[in-house]
Amino acid sequence: MDPLFWQHKSLEQMNDAEWEALCDGCGKCCLAKVIDDDTDQLYFTEISCQLLNQKSCQCNDYQHRFEKVSDCVKISLQDPETFQWLPPSCAYRRLSEGRPLPSWHPLRHRGKKSEMHKAGASIRGKTISEVFIHGELQDFIAWWPLDECE
Ligand code: SF4
Ligand code: SF4
């Protein structure tokens, strides 16, 4: 794989391996979200999906995620609406908006995620699994998922 593919290729031109490598593994897309019915405003919460590993920030069963979690969303160019669910720091969203990858992105650090965690750009240490939540989602709205952590 060309280590700088994300600088030379558009999202449409990327192959499957490049598309997957683009994901920083921050875990923010696996947080529960709330939409205000009156304004259509999207809010992130600090509640994470039951399958999200709180330490690695990755899905505990990525291969079978759609079978296990009915509302898990596949990010796809064929379904542009899925991009509206992504946080501003997300690599897919950034490139689709013509912005570069952030300085902490694993692709800038030979695949290592330590800079991302250090920059506070992942969910590590900030979330509660949905299995422990009783109550309304709106009581758990969080603003940190909107940080770009440049
Ligand atoms: S928010 Fe984007 S970059 Fe982060 S884990 Fe989700 S898809 Fe990957
Ligand atoms: S099932 Fe989907 S939303 Fe849940 S942790 Fe896995 S990838 Fe994220």
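Criterion first (closer than 22 Å to residue 46 by Cβ, touching a residue at least 24 places away in the same chain (Cβ under 8 Å) and in contact with a Ser or Thr (Cβ under 9 Å, 6 or more places away or on another chain)) does residue 87 satisfy it? For residue 87, the condition - closer than 22 Å to residue 46 by Cβ, touching a residue at least 24 places away in the same chain (Cβ under 8 Å) and in contact with a Ser or Thr (Cβ under 9 Å, 6 or more places away or on another chain) - is not met. From the set of residues in the stretch 12-57 that are touching a helix residue (DSSP H, G or I) at 6+ places or on another chain (Cβ under 6 Å) and part of a helix (DSSP H, G or I), which is nearest to residue 70 (Cα to Cα)? Among residues in the stretch 12-57 that are touching a helix residue (DSSP H, G or I) at 6+ places or on another chain (Cβ under 6 Å) and part of a helix (DSSP H, G or I), the one nearest to residue 70 (Cα to Cα) is 28. So is residue 59 within 13 Å of ligand 1 (Cβ to nearest atom) and under 17 Å from residue 146 (Cα atoms) or not? When the stated conditions are applied, residue 59 does not pass them.
Note on the stretch 62-87: among residues that are away from ligand 2 (no atom under 14 Å from the Cβ) and under 18 Å from residue 21 (Cα atoms), the one that is surrounded by the fewest Cβ atoms within 10 Å (Cβ to Cβ) is 77.
If you take the residues in the stretch 66-86 that are part of a loop (DSSP other than H, G, I, E, B) and closer than 20 Å to residue 14 by Cβ, which one is farthest from ligand 1 (Cβ to nearest atom)?
The first filter runs over the stretch 66-86 and keeps only residues part of a loop (DSSP other than H, G, I, E, B), leaving 69-75, 77-78, 86.
Narrowing the set further to residues that are closer than 20 Å to residue 14 by Cβ leaves 73-75, 77-78, 86.
Values: 73: 9, 74: 10, 75: 5, 77: 13, 78: 16, 86: 5 Å.
The selected residue is 78.
When 33, 55, 68 are checked against the criterion of being free of Cβ contacts under 8 Å to residues at least 24 places away in the same chain and charged (D, E, K, R), 68 stands alone in meeting it.
Of all residues in the stretch 12-53, those satisfying the criterion of being small (Gly, Ala, Ser) and either over 29 Å from residue 139 (Cβ atoms) or more than 16 Å from ligand 2 (Cβ to nearest atom) (or both) are 17, 21.
So is residue 124 at pLDDT 95 or above and over 26 Å from residue 1 (Cα atoms) or not?
On the way: at pLDDT 95 or above: yes; over 26 Å from residue 1 (Cα atoms): yes.
The answer is yes for residue 124.
Screening 136, 115 for residues that are under 24 Å from residue 18 (Cα atoms) and away from ligand 1 (no atom under 12 Å from the Cβ) leaves exactly one candidate, 115. The residues of the stretch 100-150 that are surrounded by 13 or more Cβ atoms within 10 Å (Cβ to Cβ), in a loop (DSSP other than H, G, I, E, B) and among the basic types (Lys, Arg), listed by number, are 113, 124, 126.
The values are calculated or read from the model by the stated rules, or taken from the named source; none is laboratory data. None of these values were measured; they are calculated from a predicted model. Methodologically, a virtual Cβ is constructed for each residue, glycine included, from the backbone with ideal geometry; neighbour enumeration extends over all protein chains shown.
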